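Laboratory data are not the source of any read-out in this text; all were calculated from the coordinates shown. Since this is a predicted model, take the numbers as computed values, not measurements. In this analysis, Cβ positions are derived from the backbone assuming ideal geometry, glycine residues included, and neighbour counts consider all displayed protein chains.
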Amino acid sequence: MSDGPSETRKLDLGNAAALTVIVVGIVVATLLLYYLIDVLILLFLGVVVAAALEPWHTRLSRLGLPKGLAVLLIYLLFATALVLMGLLVVPVLIKEISTFAAAVPEHYATARAALHASPSSLLRLLGERLPLFAALPQGLSGSSAALFAGALGFTTGMVTFVVSLVTVLVVGFYWTMEVPRLERLLLSFFPVARRAHVLSIWQEIEFKLGAFIRGQGLAMLAIGVASGLGYLVLGLPHVLALAVLAGLFEAVPLIGPILAAVPALLVALPLGLPTVLMVIGFSALLQFLENNWLIPRVMSHAVGVSALVALVAVLAFGTLYGVLGIFIAIPLAAVLQVLLDRMVINAEPVPEAYSVTADPLAGLRARVQVLRQQMRLRLRERDTRMGDDGQTPDQVVDATDQHIEQAAERVEQLITAVQETAGPLDTAGRATVVEGLEDATQQIEHAVERVDTLETEAPDSMESSTPAEEAAVVAVQQATRDVGAAVERVETALTEAQHDADAGAEGQALRPTAPTPPPAAQPGCAKT
């Protein structure tokens, strides 16, 4: 009885230590998340860019280009487009800003004269209080330091933006090159029965991240074309540059359409008040159509995030993390929505553990565990994307590996489960079961060797299949069927052995027993 309190104290200390480790881990993770949030955001944006470029570099790879060269070619086209847009837009912006700055004194004097001639006493008083334009630089001279600081901050911000953009593109490149290995590494930690579900979640998240960028690009193109046509009808100069600016500003959530209207208003000012009002009306109409028709259809179909969720996400992440938070809000909301839907709301039931009655040998268990570890390593080492549709030889090999590893799991579960009820089995039944387990393990080893031979003889079979490779694939699939048949024979033998043992136990229970003799008379008791 003295061990009770001591054992309780040990358990309490163990629980306290485990709880302390968990709390410390949560605190450390929170601190890392807080101090490295900018780095994590850039990494996430790089993953988004890689997901968006995947269909394009996949098509280029099918034409014979290496994956890395295909991604670099896409980056080169992207950089060329940026340079061309800069050459097209920047001179127009400089010219229009210079023209606007030169016309500011005249517009200021006109506005001041209009206030002086106004019938409203309040407006006349405001006009009298306004100084002459020649006196404004004296009042502004004190703020020159602030203007210089603002210009310096803008320059620093532009440099930071360029560095961040390059970082995102570099992360996207390396993620594209390493994602097959990362995908296989992640899946290797899950049981075979759960890998298809985890892979579908991974692929859905990747699709939505890529679809967001492609949908955003489609929206930018649509707004740019619509703005160009509208400005052309209104008679504005520099239509092409204004259309490019409108398309670029569309990438900024919430305030993008407002920013796109500013250059158009600067260009419309010299054309008179009617043109300015028409530009304002056109911008408001375009924003209404965008918010109520274009964006809900493009983003809802591409990402699956409702307009309300997107608005809340932009406000929340923009408040927390600034400009970068605004850009990651919608794709991160899409990721969270997929995880909640597939893991909480519409979660698939976890398959029950396979269990029958059997008794293992330690040697068989060790061999099966070595085979499973070997297949996990092979799953991680392949450098192609996983798939379960069997369109390429590599995908056939992947599916074959899944079947083989699942059979190995079943054999190990058979070995474990029979150990729990080995007593009731007779000697013949136990020998039959062990022989079946030995045969199934040999079949698994044989199938693993066939897959290794296939990969050694045809290492570049991802995009093509020759008759010899097809014959090898057929041989591997036959080996997989042999594994399944061997495992089924073991299950049948176990079922029969267990049935015979249960029948023998039932017969033993029904066998008649000898009658119990009457108890002897107690001394001192009278006979009746």
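By the compact-protein rule of thumb, 2.2 N^0.38 Å, the alpha-carbon radius of gyration of region 193-245 corresponds to a ratio of 1.94. What the phi angles of region 218-226 give under the Karplus curve with 6.51, -1.76 and 1.60, with θ = phi - 60°, is a coupling list of 5, 5, 4, 5, 5, 5, x, 5, 5 Hz, glycine and proline written as x.
What FRET efficiency would be calculated for the residue pair Asp500, Asp439, taking the C-beta separation as r and a Förster radius of 22 Å, to the nearest 0.05?
Values: r = 20 Å, r/R0 = 0.92.
The computed FRET efficiency comes out at 0.60.
If the segment from Leu271 to Leu259 were pulled out straight at 0.36 nm per residue, it would be longer than the present Cα-Cα gap by 2.3 nm.
Can you give me the C-alpha center-to-center distance between region 212-228 and region 14-64, rounded to a whole angstrom? Value for the Cα centre distance between the two parts: 29 Å.
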